[in-house]
Amino acid sequence: MVVPSSFDPYDAEDAVRNLKGFQKLWYHCKQQPLVPIGVIATCYALTRSAIAVRGGRHKEANKYFTARVVLQGLTLVALVGTSLYLQSDGKSQAEKNAEKAARRKQLWLEELDRQGGRLPSKSSNDDNKA
């Protein structure tokens, strides 16, 4: 009997490594949503400061340069904070993957037993009660 592909061991690192371009970017943006917001805000402040310097408005440019530095700092804090939060459960990614593989293997074995008739399926239990 062939093992269904949905029960194959899954390695999250390989899945991320195999993503292409924007898929990988989108995956990381979903994982750490505050970082892209900070990057966009920082780029906005940098652009506004450049426009202000070109227009000769030095006080406004200085305000946006200061905002850029603050936003870069907040983005760095968001990056580090989110990383620490994601790893705060005390388990490494390899341990999580091993537990997930063990659960999938157990589900697969139970499904094989049901198909082979060794374990009663839920529908046959209902028939016996009636």
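The values are calculated or read from the model by the stated rules, or taken from the named source; none is laboratory data. What you are looking at is a predicted structure, and each value in this text was computed from that prediction instead of being measured. Using ideal geometry, Cβ is built from the backbone for each residue, glycine included, and neighbour counts are taken over all protein chains shown. Accessible surface is based on the protein model in full, side chains and every heavy atom, while ligands, DNA and RNA are left aside. Shrake-Rupley method; radii C 1.70, N 1.55, O 1.52, S 1.80 Å.
What to note about this one:
- Heavy-atom surface of region 59-113, accessible at 1.4 Å and reported per residue (Å²): 73
- Mean Cβ count within 10 Å, highest first, over the residues of peptides 47-53, 97-103: 47-53, 97-103
- Working from label points 7 Å from Cα in the Cα-to-Cβ sense, the GLN72 to GLU110 distance is 5.3 nm.
- For region 41-118, the carbon plus sulfur part of the accessible surface works out to 60%, probe radius 1.4 Å.
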